[in-house]
Amino acid sequence: MTIIIGAFLNATGILFGSLFGLSRRESLSARAQFIFRNALGVATVFFALRLVWLSINGTFLSCLKQLFIAALAITLGSLLGKLLGLQKISNYLGRYATRLLSSAQSDPYRKMADGFCACTILFWAAPLGLLGAVADGLSGYYYLLAIKGVMDGLAMTSFVKMFRWPAAMSAIPVFALLGFITLACQLYARPFLEARALIDSVNAAAGLVACAVALVIYEVRRVELANFLPALVVAPLLAWLLK
């Protein structure tokens, strides 16, 4: 049975954020944004570490070995991500979406279409979306996408004030993409990894990478999150080689 709860929650968050933004004349206060940001940071760290905790089992030495594999996968994955230029691609998409936002505000005839496209690209390009979709597809852990849904919903409260209801339609392609990734992991990646007991290695790496999202939320430092994504592929390979 295929279930895509995470993608649904993400899309629902966008829609609820749109309705909230359209129903209010004023944007959220700076104090409210501060509270939401801190709460999201705490929730991100909690559910990311919980995913790591659920993915590690066995004796003390076995747990240390699994943590070592996850950390090594992230290190090697970041190097691979730099070679592939994943962060550069993510930055390009972000700049393109920013240009669309600017042109949409200056050109009323393109306002609706460009606003929709910009919101879609921004929500698609977030690395937390891929991490959450993979975790949901492999083990039904939809909490990361639920957090992303809240983040996207908060962003949408401002976007709908600029671009009105068409921006809310970005929930459809976001649901389609994340749902596709989740289903692909459920139907193809999960049986392959499950047969070789490698699912936990992927989830542990995903959880550690998701922890870095909190650094971005709190603006502690700039983290090239997109470069870490290959760790999801490197982790099961290392776990298989180091068995």
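Quick rundown of the values:
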| item | result |
| --- | --- |
| Qualifying residue in the stretch 101-113 (condition: touching a helix residue (DSSP H, G or I) at 6+ places or on another chain (Cβ under 6 Å), crowded, with 21+ Cβ neighbours inside 10 Å, in a helix (DSSP H, G or I) and modelled with pLDDT of 90 or more) | no |
| Residue check for residue 130: assigned to a helix (DSSP H, G or I) and surrounded by 19 or more Cβ atoms within 10 Å (Cβ to Cβ) | yes |
| Members of the stretch 27-54 found to be more than 19 Å from residue 146 (Cβ to Cβ) and part of a helix (DSSP H, G or I), listed by number | 30, 31, 32, 33, 34 |
| Count of the stretch 80-92 residues which are buried (at least 16 other Cβ atoms within 10 Å of the Cβ) and more than 30 Å from residue 197 (Cα to Cα) | 2 |
| Residue 59 vs. criteria touching a residue at least 60 places away in the same chain (Cβ under 8 Å) and either aliphatic (A, V, I, L, M) or under 30 Å from residue 194 (Cα atoms) (or both) | no |
| Filter result for residue 163 (touching a Cys at 6+ places or on another chain (Cβ under 7 Å), farther than 30 Å from residue 192 by Cβ and surrounded by 19 or more Cβ atoms within 10 Å (Cβ to Cβ)) | no |
| Within the stretch 143-161, tally of residues that are under 11 Å from the mean Cα position of the chain (by Cα) and more than 13 Å from residue 174 (Cβ to Cβ) | 4 |
| Single residue of 21, 6, 77 found to be more than 20 Å from residue 170 (Cα to Cα) and either buried (at least 16 other Cβ atoms within 10 Å of the Cβ) or modelled with pLDDT of 95 or more (or both) | 77 |
| Helices (runs of 4 or more DSSP H) lying entirely in the stretch 149-243 (those with 1 or more residues that are more than 17 Å from residue 135 (Cβ to Cβ), in contact (Cβ under 8 Å) with a residue 60 or more places away in the chain and touching a Lys or Arg at 6+ places or on another chain (Cβ under 9 Å)) | 199-217 |
| Residue check for residue 59: surrounded by fewer than 19 Cβ atoms within 10 Å (Cβ to Cβ) and farther than 17 Å from residue 210 by Cβ | yes |
| Residues that are among the hydrophobic types (A, V, I, L, M, F, W, C) and surrounded by fewer than 24 Cβ atoms within 10 Å (Cβ to Cβ), drawn from the stretch 139-150 | 146, 150 |
| Total residues in the stretch 24-55, condition surrounded by fewer than 18 Cβ atoms within 10 Å (Cβ to Cβ) and over 30 Å from residue 198 (Cβ atoms) | 17 |
| The stretch 28-55 - residue that is of a type in the set (Ser, Thr, Tyr) and in contact with a helix residue (DSSP H, G or I) (Cβ under 6 Å, 6 or more places away or on another chain) and, of those, farthest from residue 163 (Cα to Cα) | 55 |
| Any hit, the stretch 194-203, residues being among the polar types (S, T, N, Q) and over 13 Å from the mean Cα position of the chain (by Cα) | yes |
| Selection count, the stretch 190-232, where residues are within 19 Å of residue 127 (Cα to Cα) and either small (Gly, Ala, Ser) or surrounded by 15 or more Cβ atoms within 10 Å (Cβ to Cβ) (or both) | 28 |
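The values are calculated or read from the model by the stated rules, or taken from the named source; none is laboratory data. Bear in mind that the values here come from a model prediction, so they are computed numbers and not experimental data. Methodologically, a virtual Cβ is constructed for each residue, glycine included, from the backbone with ideal geometry; neighbour enumeration extends over all protein chains shown.
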